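Shown next, in structure tokens, is the structure this report addresses.
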Amino acid sequence: MLIRLGYDIRFSLPAPVSIVAMLHVHPSRHADLLQPDTLHIEPTASVPEYQDSFGNICSRIFAPQGDLRLYSETLIRDSGDPDPINPDAREVPIEELPNEALIYMLNSRYCEVDQLSGIALDLFGHIPHGWARVYAVCSWVNARIRFGYNFARPTRSALDTFTERVGVCRDFQHLAVTFCRALNIPARYATGYLGDIGFPASGPMDFSAWFEVYLDHRWWTFDARHNIPRIGRVLMAVGRDASDVALTTSFGFAELTQFTVITEEASEDADQ
């Protein structure tokens, strides 16, 4: 399957501002790209890139006062298979975890592991260890948190979501990530492209959030917002929570004026 990916994001800047953008496809998917994954900018400027401590590709932009446009379009090959499922996947004992997984067991900006540990044990302590326990976490969050774009709030944490029982996709994932960490399962926040391939269209395209857990010595995709395997997920960035994978971070005021995302199945001759 071929998937066309892209975005067109525009800002109005009352003064010059530095911006860090995290808009590239994750390095783990670079081998699948059939066209360059290039960040274009108007007005034209050099855009140096670097890799952050989580392995994500970041772009540094210094934009003058006025209108700023960030846009891209590329093509990627995907298996077309739904997210993999492995009910037999086992938890890895803490002493056997790789060093780089340990950070995904700790508190972070939006994931208060210490404050939700007791609740996590009460809710899921009786569930068999491994895949079944993570699935139980996703099912609980999916059933009890009400989704709505009108509930979006950039400061909402996992504890807030548990208390308020509302949120957007990032809030679902933060709560599930926190529960998993409280159960000694490494869990990391993920963001990327997720279209409606194989599912009824649900409105304008957007970037999406999900999370990954470390079971059987590898990372597995879970999604507390949808809680069913999806097709055509394309990873862009991973981190401890949403604060590590912001699509754009401006060091000054930047008013968003347009936000368009493309993620759709393309014909097999699209790369010709």
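The values are calculated or read from the model by the stated rules, or taken from the named source; none is laboratory data. Note that the structure is a prediction, hence the values are computed from the model and not measured. Positions of Cβ are backbone-derived with ideal geometry, glycine not excepted, and every protein chain shown enters the neighbour counts.
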List every residue pair whose Cβ atoms lie under 7 Å apart, where the two residues are 6 or more positions apart in sequence or sit on different chains, the first residue falls within region 249-261 and is under 23 Å from Glu73 (Cβ atoms) and of a type in the set (A, V, I, L, M, F, W, C), and the second residue, located anywhere, is in a strand (DSSP E or B) and modelled with pLDDT under 95. Val261/Phe207
Quick one: Arg153 ticks every box in (1) assigned to a loop (DSSP other than H, G, I, E, B); (2) touching a strand residue (DSSP E or B) at 6+ places or on another chain (Cβ under 6 Å); (3) closer than 30 Å to Thr249 by Cα bar one, so which box is it? (2)
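Looking at this structure, is Asp52 among the acidic types (Asp, Glu) and within 23 Å of Cys138 (Cβ to Cβ)? Give the steps one after another, and end with the answer.
On the way: among the acidic types (Asp, Glu): yes; within 23 Å of Cys138 (Cβ to Cβ): no.
So Asp52 fails the test.
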Exactly one condition in (1) in contact with a Gly (Cβ under 6 Å, 6 or more places away or on another chain); (2) modelled with pLDDT of 95 or more; (3) among the small types (Gly, Ala, Ser) is not met by Gly195; state its number. (2)
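A quick yes/no check of all residues on (1) closer than 25 Å to Ala101 by Cα; (2) surrounded by 16 or more Cβ atoms within 10 Å (Cβ to Cβ); (3) not charged (D, E, K, R):
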residue	(1), (2), (3)
Ile3	no, yes, yes
Arg10	no, yes, no
Val25	yes, yes, yes
Leu34	no, no, yes
Asp37	no, yes, no
Pro43	no, no, yes
Tyr50	yes, no, yes
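Consider region 8-28. How many of its residues are assigned to a loop (DSSP other than H, G, I, E, B) and touching an Asp or Glu at 6+ places or on another chain (Cβ under 6 Å)?
First pass over region 8-28, keeping only residues assigned to a loop (DSSP other than H, G, I, E, B): 14-16, 22-26.
Then keep just the ones that are touching an Asp or Glu at 6+ places or on another chain (Cβ under 6 Å); that gives 24-25.
Residues flagged as assigned to a loop (DSSP other than H, G, I, E, B) and touching an Asp or Glu at 6+ places or on another chain (Cβ under 6 Å) within region 8-28 amount to 2.
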Here is a list of conditions, (1) in a helix (DSSP H, G or I); (2) surrounded by fewer than 19 Cβ atoms within 10 Å (Cβ to Cβ); (3) not β-branched (Val, Ile, Thr), and His126 meets all of them except one; can you say which number that is? (1)
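In region 194-221, how many are in a strand (DSSP E or B) and of a type in the set (A, V, I, L, M, F, W, C)? Before you say what the answer is, go through the steps one by one.
Initial filter on region 194-221 (in a strand (DSSP E or B)): 207-215, 218-221.
From what's left, of a type in the set (A, V, I, L, M, F, W, C): 207, 209-211, 213, 215, 219-220.
Number of matching residues: 8.
If you go through region 31-56 one residue at a time, how many are assigned to a strand (DSSP E or B) and either over 23 Å from Ala266 (Cβ atoms) or hydroxyl-bearing (Ser, Thr, Tyr) (or both)?
First, the residues of region 31-56 that are assigned to a strand (DSSP E or B): 33, 40-42, 49-51.
Those still in the list that are either over 23 Å from Ala266 (Cβ atoms) or hydroxyl-bearing (Ser, Thr, Tyr) (or both) too: 41-42, 49-51.
Count: 5.
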So in region 157-170, with the set limited to residues that are of a type outside the set (S, T, N, Q), outside any helix (DSSP H, G or I) and within 16 Å of the chain's Cα centre (by Cα), which one is surrounded by the fewest Cβ atoms within 10 Å (Cβ to Cβ)? Val168
Test Tyr50 against the criterion of being at pLDDT 95 or above, in contact with a Lys or Arg (Cβ under 9 Å, 6 or more places away or on another chain) and in the same structural domain as Pro229 (by TED's automatic domain parsing), and give yes or no. no
Return yes or no: is Leu215 modelled with pLDDT of 95 or more, in the same structural domain as Gly130 (by TED's automatic domain parsing), under 20 Å from Leu123 (Cβ atoms) and over 17 Å from the mean Cα position of the chain (by Cα)? yes
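Taking region 222-248 as the search range and keeping residues that are assigned to a loop (DSSP other than H, G, I, E, B) and of a type in the set (Gly, Ala, Ser), which one is surrounded by the most Cβ atoms within 10 Å (Cβ to Cβ)?
So in region 222-248, the residues assigned to a loop (DSSP other than H, G, I, E, B) come out as 223-230, 232-233, 240-241, 245-247.
Still in the running and of a type in the set (Gly, Ala, Ser): 224, 232, 246.
Values: Ala224: 27, Gly232: 23, Ala246: 15.
So, considering only residues that are assigned to a loop (DSSP other than H, G, I, E, B) and of a type in the set (Gly, Ala, Ser), the one surrounded by the most Cβ atoms within 10 Å (Cβ to Cβ) is Ala224.
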